[in-house]
Each structure stands twice: as structure tokens, then as C-alpha cells.
Ligand SMILES: [Zn+2]
């Protein structure tokens with residue numbers, strides 16, 4: 001499995017430490033990180049945003065901001081988008097898990 005490129009800075013809910021950890025996807029398709037201090041597994045979906053409608057998604061594509069990871073569910077397919085350095089990269093997926101796996105590699 002390719003390495004994750006998405007790192008989150010969080011306060012660990014178990015030990016209270018500040019941790020900087022990579023997001024990974026478990027075999028059920030849930031994104032999580034492992035606290036670098038106590039090793040606890042924390043499920044986390046706060047590292048990407050979901051545009052709520054077509055208009056919001058198109059606005060994002062057009063303005064290419066804010067930077068970040070995005071997941072848009074059209075109802076038919078899932079579109080992943082990454083905005084970085086004024087560039088946008090998008091790809092369509094049949095399901096959310098494949099989209100999340102693609103997102104963490106970017
Ligand atoms: Zn911890």
C-alpha cells in the first residue's frame with residue numbers, strides 16, 4: 001500500500017498529548033491515525049471537506065481555493081479533489097473507500 005501523504009496535528013483524546021500523525025485507511029475503509037505517544041487508534045474524518053451541493057463543488061473547482069482535500073458525492077459517483085499550490089487534481093470513483101485511499105496519497 002502506498003504511503004499516506006496526509007498528516008494531521010491533533011490532541012490525542014486518550015492521552016491528551018499533541019500528536020502529528022499520518023492518516024491511514026483500515027480494512028473497513030475508515031480513516032484513522034495512531035497517536036505517536038500512546039499508540040491509540042483514533043478515527044478521524046476531519047482532514048477532508050465534503051461540498052454539500054453541485055454549486056459549492058463547481059465554485060471550488062473554479063476558484064481553486066481553499067487548499068485541502070475534498071470528497072464530493074454526486075449521488076452516482078464519488079469525486080475526489082485536491083487543491084494545492086493553486087492547482088486542482090480530481091478523479092472519479094465508484095465508492096468512498098477508493099476515493100479516500102486516493103486522497104491520502106496526495
Ligand atoms: Zn495518545
**Complete:** Given the conditions (1) assigned to a loop (DSSP other than H, G, I, E, B); (2) away from the ligand (no atom under 16 Å from the Cβ); (3) closer than 17 Å to residue 4 by Cβ, every one holds for residue 36 apart from (2)
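Could you list, in sequence order, the residues of the range 15-33 that are surrounded by fewer than 14 Cβ atoms within 10 Å (Cβ to Cβ) and either near the ligand (Cβ under 9 Å from one of its atoms) or more than 17 Å from residue 70 (Cα to Cα) (or both)?
Kept after step one, since they are surrounded by fewer than 14 Cβ atoms within 10 Å (Cβ to Cβ), are these residues of the range 15-33: 15-18, 20, 26-29.
Within the range 15-33, 15, 16, 17, 18, 20, 26, 27, 28 qualify.
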**Request:** Within the range 78-94, track down each residue that is over 14 Å from the mean Cα position of the chain (by Cα) and surrounded by fewer than 13 Cβ atoms within 10 Å (Cβ to Cβ).
**Result:** 85, 86, 87, 94
**Message:** For the structure I just gave you, tell me whether residue 51 is free of Cβ contacts under 8 Å to residues at least 24 places away in the same chain, touching a strand residue (DSSP E or B) at 6+ places or on another chain (Cβ under 9 Å) and either part of a loop (DSSP other than H, G, I, E, B) or farther than 17 Å from residue 89 by Cα (or both).
**Reply:** yes
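No lab work stands behind these numbers, since they all come straight from the coordinates. Everything quoted here is computed from the prediction, not taken from an experiment. Note that we place each Cβ from the backbone using ideal geometry, even for glycine, and neighbour counts take in every protein chain shown.
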